[in-house]
Amino acid sequence: MAASTSEPRFNQRHLLDMSSLDAEEITTILDLADRFFEISERPIKKVPTLRGQTVVNLFMEPSTRTRISFEVAEKRLSADTINFSASTSSTKKGETLLDTVKNLEAMSPQILVMRHSEPGAAHFVAKRVNAAVVNAGDGAHAHPTQALLDCATIRKVKGKIKGLEIAIVGDIDHSRVARSDIIALRKLGANVRVAGPKTMIPPGLAELTGATVCHKLGEAVEGADVVMMLRIQAERQGGACLFPSTREYSRTFGLDSDVLSMSKDDAIVMHPGPMNRGVEITPEVADGPRSVILYQVTYGVAVRMAVLYLLAGKPPVE
Ligand code: CP
């Protein structure tokens, strides 16, 4: 991959949420991700771009896709990757988050990728360390690299984002993915419709984001270009009962082939994962020809390579 002749615009020291980025910066990341995607298709998927740089992956909440995807991205960029496991760390002996990151910083990493259950945790750390911080998910607040990989996938498959009708369905209120996706997609000119039980739609969402709130699944899916399904985020609901039963939820807000047939003929189906098959999506749809769910995961590596590259200060790409 040849180095770009024009300097892309990206004025961020950290990647904490999608509100901090403008449309041009988002496009810079997506363009770069397309170039890194090419590297991921080579027989040898490794470039020396981040050689000598250390990245710590500080995951204090469970993750499969994001954690592994960051590690793959770091290794493909030749960074030294350190994985922090909360369950075997001194946080189990009562060490605070701040003491933990201050001790990690004493070992001079250039980038800290962090996931935490508390909204604002990445912002809190970013104000207190010299390393660049990437938010890999903080409670129900933000998951910017998921939004970026969702945008990259949509742009690649549909050829554009502006003007598309995008339905996001499920537990919007507790979903950091929904929050980050709505902000990113609106900035890039998509029309976003959300649907879910009233108890899972945050008040004021339409006024705050410009998304259209639908109370029936069919209203959101009808004529959509993209249908994105979300998991019920039980771990953030504090034990509250927000719908009568899983069976009722699935019947009212689950995506099956009949509901999907209301969307455009070339509509795609997305899901950030992990999926609860048979609850928000049938296996037939999840594994069907419209599904780009695993393609999202593939693009995630390229998007994270792009983010790491930009935060590391745009070293030369070879
Ligand atoms: N989409 C996503 O964040 O998945 P993980 O929780 O497995 O990282």
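Might you let me know whether region 48-57 holds any residue that is within 16 Å of the ligand (Cβ to nearest atom), on the phi < 0 side of the Ramachandran plot and at pLDDT 95 or above? Checked against the condition, which is being within 16 Å of the ligand (Cβ to nearest atom), on the phi < 0 side of the Ramachandran plot and at pLDDT 95 or above, region 48-57 yields at least one hit. Which condition breaks for ALA234 when tested against (1) of a type in the set (A, V, I, L, M); (2) closer than 22 Å to VAL192 by Cα; (3) open to solvent by 10 Å² or more (accessible area, probe 1.4 Å); (4) within 16 Å of the ligand (Cβ to nearest atom)? With (1) of a type in the set (A, V, I, L, M); (2) closer than 22 Å to VAL192 by Cα; (3) open to solvent by 10 Å² or more (accessible area, probe 1.4 Å); (4) within 16 Å of the ligand (Cβ to nearest atom) applied to ALA234, the lone miss is (2).
In region 99-128, the residue that is farthest from ALA73 (Cα to Cα) out of those that are outside any loop (DSSP other than H, G, I, E, B) and within 16 Å of the ligand (Cβ to nearest atom) is ALA121. When region 198-225 is filtered for residues that are open to solvent by 70 Å² or more (accessible area, probe 1.4 Å) and not hydroxyl-bearing (Ser, Thr, Tyr), the ones remaining, listed by number, are LYS198, PRO203, GLU207, LEU208, HIS215, LYS216, GLU219, GLU222. Could you check, for region 303-316, whether at least one of its residues is open to solvent by less than 10 Å² (accessible area, probe 1.4 Å) and not hydrophobic (A, V, I, L, M, F, W, C)? Yes, that holds for at least one residue. Of all residue pairs spaced 6 or more apart or on separate chains, those with beta-carbon atoms under 8 Å, a first member in region 198-210 that is without any contact (Cβ under 8 Å) to a residue 12 or more places away in the chain and closer than 21 Å to PHE253 by Cβ and a second member that is surrounded by 17 or more Cβ atoms within 10 Å (Cβ to Cβ) and of a type outside the set (Asp, Glu) are ALA206/VAL213. Here is a list: VAL72, VAL56. Which entry is touching a helix residue (DSSP H, G or I) at 6+ places or on another chain (Cβ under 7 Å) and closer than 16 Å to LEU311 by Cα? Answer to the check: VAL56. The residues in region 132-160 that are surrounded by fewer than 24 Cβ atoms within 10 Å (Cβ to Cβ) and away from the ligand (no atom under 16 Å from the Cβ) can be counted, and the count is 7. Among the residues of region 55-98, those that are in a helix (DSSP H, G or I), open to solvent by 70 Å² or more (accessible area, probe 1.4 Å) and in contact (Cβ under 8 Å) with a residue 40 or more places away in the chain comprise ARG65, ARG67.
The values are calculated or read from the model by the stated rules, or taken from the named source; none is laboratory data. All values reported here derive from a predicted model rather than from experimental measurement. Note that we place each Cβ from the backbone using ideal geometry, even for glycine, and neighbour counts take in every protein chain shown. With ligands, DNA and RNA removed, areas are computed over all heavy atoms of the protein, side chains included. Shrake-Rupley method; radii C 1.70, N 1.55, O 1.52, S 1.80 Å.
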